[in-house]
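Scroll down for the structure; my scribbles are underneath it.
The values are calculated or read from the model by the stated rules, or taken from the named source; none is laboratory data. The structure presented is a predicted model; accordingly, all values stated were derived computationally and were not measured. Note that each Cβ is placed from the backbone with ideal geometry, even for glycine, and that neighbours are counted across all protein chains shown. Accessible surface is based on the protein model in full, side chains and every heavy atom, while ligands, DNA and RNA are left aside. Shrake-Rupley method; radii C 1.70, N 1.55, O 1.52, S 1.80 Å.
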Amino acid sequence: GQNRQKPTKKHITMIIRKANKTDIPFIVNAIMEIENFEDQNTFNNLFGTDTETTKKYLSAFLEDDENFDTEFSLNTYSIAEYDGERAACCSIFFTDNEYYQNKSELFPIHLAKNHLEHFFSNAKTLPETKKISTNKYFLEYLFVAPEFRSKGVSKPLIEHLVNQTDRMYLIPLENNEFAIDYYRRLGFQDDENVKRFAIHTPENPIYPYSHKIMLYRDNKPSV
């Protein structure tokens, strides 16, 4: 018989790995995209900066070798590669005392004096959300690059991260119905103790949309 070759189906590989310094531009871009709303950016508002300056600051945070365990620390990020290209990133961190300490030390080290003052005056008027956020694992800054969307990249990345802890929390903006619907389909549910919470005061609108909700998912141990 003839040796007929079957057409080979291209095998797409996806790997999930810890982020390294070469990923910083990708992560900075992800954070900026997520925090952009029309012509505003949360961090530009918070620091009193323009986009270029904010990107420089975010890069400096992530480059800092002594900065650990916050959403601005490289060690909390994972990268999903799709066919050898960076496709997505996400951070997970735990909000213990160390977390708040690390974060409070980060800004004075890296921000210029005028931006630091701007940040402190803004931070003073932001609602205190610490009591609902403390001692929890959070999944934050999940971003899939536009050219990799709807290729099934985010689900394996989320599963990989959720599996690292017993209970994982998310705090999406309440108007982000698309994301909330997606997370619920992945098994996240509303935290009954936290209905919705303000993330800025009307006098100081840092965020264009003013409320978040809290979702969580328990990691079911494999039997």
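List of remarks:
- Index of the failed condition, Gly84 passing every other in (1) at pLDDT 95 or above; (2) more than 18 Å from Phe47 (Cα to Cα); (3) out of contact with any Phe, Trp or Tyr (no Cβ under 6 Å at 6 or more places or on another chain): (1)
- Region 134-151: number of residues that are in contact (Cβ under 8 Å) with a residue 40 or more places away in the chain and either of a type in the set (Val, Ile, Thr) or open to solvent by less than 50 Å² (accessible area, probe 1.4 Å) (or both): 10
- Against the conditions (1) surrounded by 12 or more Cβ atoms within 10 Å (Cβ to Cβ); (2) more than 26 Å from Asn135 (Cα to Cα); (3) of a type outside the set (A, V, I, L, M), Lys10 satisfies every one except (1).
- Residues that are of a type in the set (Asp, Glu) and either surrounded by 10 or more Cβ atoms within 10 Å (Cβ to Cβ) or assigned to a helix (DSSP H, G or I) (or both) were ranked within region 25-39; the one that is modelled with the lowest pLDDT is Glu35.
Rundown of residues vs (1) open to solvent by 20 Å² or more (accessible area, probe 1.4 Å); (2) modelled with pLDDT under 95; (3) of a type in the set (D, E, K, R); (4) not in a loop (DSSP other than H, G, I, E, B), yes/no style:
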residue: Thr53; (1), (2), (3), (4): yes, no, no, yes
residue: Ser59; (1), (2), (3), (4): yes, no, no, yes
residue: Asp65; (1), (2), (3), (4): yes, no, yes, no
residue: Phe72; (1), (2), (3), (4): no, no, no, no
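- Extreme residue, nearest to Asp83 (Cα to Cα), among residues of region 109-133 that are modelled with pLDDT of 95 or more and surrounded by fewer than 17 Cβ atoms within 10 Å (Cβ to Cβ): Ile109
- Only one of the listed residues (Ile158, Ile206, Ile180) is open to solvent by less than 20 Å² (accessible area, probe 1.4 Å) and out of contact with any strand residue (DSSP E or B) (no Cβ under 8 Å at 6 or more places or on another chain). That residue is Ile206.
- Among residues of region 176-189 that are hydrophobic (A, V, I, L, M, F, W, C), those with a Cβ under 9 angstrom from a residue that is part of a loop (DSSP other than H, G, I, E, B), sequence gap 6+ or separate chain, pair up as Ala179/Pro172; Ile180/Pro172; Ile180/Glu174; Ile180/Phe188; Ile180/Ile213.
- Here Thr51 qualifies as out of contact with any Asp or Glu (no Cβ under 8 Å at 6 or more places or on another chain) and closer than 25 Å to Asn176 by Cα.
- Per the listing Thr22, Thr42, the residue uniquely free of Cβ contacts under 8 Å to residues at least 12 places away in the same chain and either crowded, with 19+ Cβ neighbours inside 10 Å or more than 24 Å from Ala123 (Cα to Cα) (or both) is Thr22.
- Some residue of region 196-203 being open to solvent by 20 Å² or more (accessible area, probe 1.4 Å) and in contact with a helix residue (DSSP H, G or I) (Cβ under 6 Å, 6 or more places away or on another chain): yes
- Filter result for His211 (touching an Asp or Glu at 6+ places or on another chain (Cβ under 6 Å) and open to solvent by 20 Å² or more (accessible area, probe 1.4 Å)): yes
- The single residue among Thr51, Thr95 that is within 15 Å of the chain's Cα centre (by Cα) and under 27 Å from Glu203 (Cβ atoms) turns out to be Thr95.
- Subset of region 161-177 [loosely packed, with under 13 Cβ neighbours inside 10 Å and of a type outside the set (S, T, N, Q)]: Asp166, Arg167, Glu177
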